[in-house]
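J.: Shown below is the structure under consideration.
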Amino acid sequence: MDSEWFENTFGLGARGIVVTGGASGIGLGCAEFLAHAGARVALWDVNAEAGEAAARRIGESAFFVKCDVSSDASCRNAAAVTAERFGSVWGLLNAAGVIRRKNAVELEERDWDIVIDVGLKGAYLTAKYLVPEMEKNGAGSIVNIGSGWGVKGGPKAVAYCAAKGGIVNMTRAMAIDHGPKNIRVNCVCPGDVDTPLLRDEARQLGYDLAKWLEESAERPIHRLGTPLDIAQAVYFFMSDLSSWASGSILVIDGGGTA
């Protein structure tokens, strides 16, 4: 083990990485961490105002591209813009997602569609247009953000559980398909992380926010997760520390699913 190997393995070497849902929450937290680790990050999000602000917050190594990940045309355009800006694309973090806290009887079809389209279809569409860019490099890394509810069920979240369960097994399928091109595909499954999405769940369910956050922290490691907790796991999969890891499903939830 020499110093050059160590630097190459632990650094990201100005790799171009796309982060969907990069305007807030886990996506933004991961983008910030990856940028600090040396990567260049393209923040894809449907919210232009928040996305531009996020890019400014990160600094020169970040830029924003407006993208609706549920739209084929939008993803195709965002991929072209990003590839031109980066020159080459190394990584993709699929962090975009929405949740509707209802069971199958209560849920409207339009709500099912938006949860599945953003959380599952979006991961397919981004890969559709960015995997070819990674193939040009001869290597790449995709990290899909799943959920603890992608490996077990949860109440009043039928569409979200379906989307995240799909993400988990889609990760395995993509690892098989793209491994021969040296593109690794892995999944990080967070538990309850203190983000705008988690806080919106309290509103949807009509819960007191303070009580909701307190109850969400009830797990063996007694606290809510932070975007930084998830970013460190994402960094592992984006870096060469995980050079032989593909098709892995890593749960980061303070022991909540233990």
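J.: Of the residues A14, A54, which single one is more than 22 Å from C189 (Cα to Cα), of a type in the set (G, A, S), surrounded by fewer than 16 Cβ atoms within 10 Å (Cβ to Cβ) and without any contact (Cβ under 8 Å) to a residue 60 or more places away in the chain?
T.: Within the list A14, A54, the selection yields A14.
J.: Give the stretch 54-77 a look and list any residue that's within 18 Å of H36 (Cβ to Cβ) and either at pLDDT below 95 or small (G, A, S) (or both), or say none.
T.: A54, A55, G59, S61, A62 - these are the residues of the stretch 54-77 that are within 18 Å of H36 (Cβ to Cβ) and either at pLDDT below 95 or small (G, A, S) (or both).
J.: Sticking with this structure for a sec: Can you tell me which of A54, A83, A42, A23 is within 17 Å of the chain's Cα centre (by Cα), assigned to a helix (DSSP H, G or I) and aliphatic (A, V, I, L, M)?
T.: A54
J.: Sticking with this structure for a sec: Which one of these is under 24 Å from P196 (Cα atoms) and aliphatic (A, V, I, L, M): V105, V81, V89, V69?
T.: Exactly one residue qualifies, and that residue is V69.
J.: Given the conditions (1) surrounded by fewer than 18 Cβ atoms within 10 Å (Cβ to Cβ); (2) touching a helix residue (DSSP H, G or I) at 6+ places or on another chain (Cβ under 8 Å), report the number of the one that K211 does not fulfil.
T.: Result: K211 fails condition (2) only.
J.: Being farther than 25 Å from S74 by Cα, in contact (Cβ under 8 Å) with a residue 12 or more places away in the chain and β-branched (V, I, T) is the requirement here; does V115 meet it?
T.: Criteria not met by V115.
J.: Another question about this same structure. Of the conditions (1) part of a helix (DSSP H, G or I); (2) among the basic types (K, R); (3) touching a Ser or Thr at 6+ places or on another chain (Cβ under 9 Å), R184 clears all except one; give me its number.
T.: Exception for R184: condition (1).
J.: Among (1) in contact with a Ser or Thr (Cβ under 9 Å, 6 or more places away or on another chain); (2) surrounded by 22 or more Cβ atoms within 10 Å (Cβ to Cβ), there is one condition A231 misses while meeting the rest; what is its number?
T.: Condition (1) is where A231 drops out.
J.: Can you pull out every residue in the stretch 234-252 that is buried (at least 21 other Cβ atoms within 10 Å of the Cβ) and over 15 Å from the mean Cα position of the chain (by Cα)?
T.: S239, S246
The values are calculated or read from the model by the stated rules, or taken from the named source; none is laboratory data. Since the structure is predicted, the reported quantities are computational estimates derived from the model, not experimental observations. As a convention, Cβ positions derive from the backbone with ideal geometry for all residues, glycine included, and neighbour counts pool all protein chains shown.
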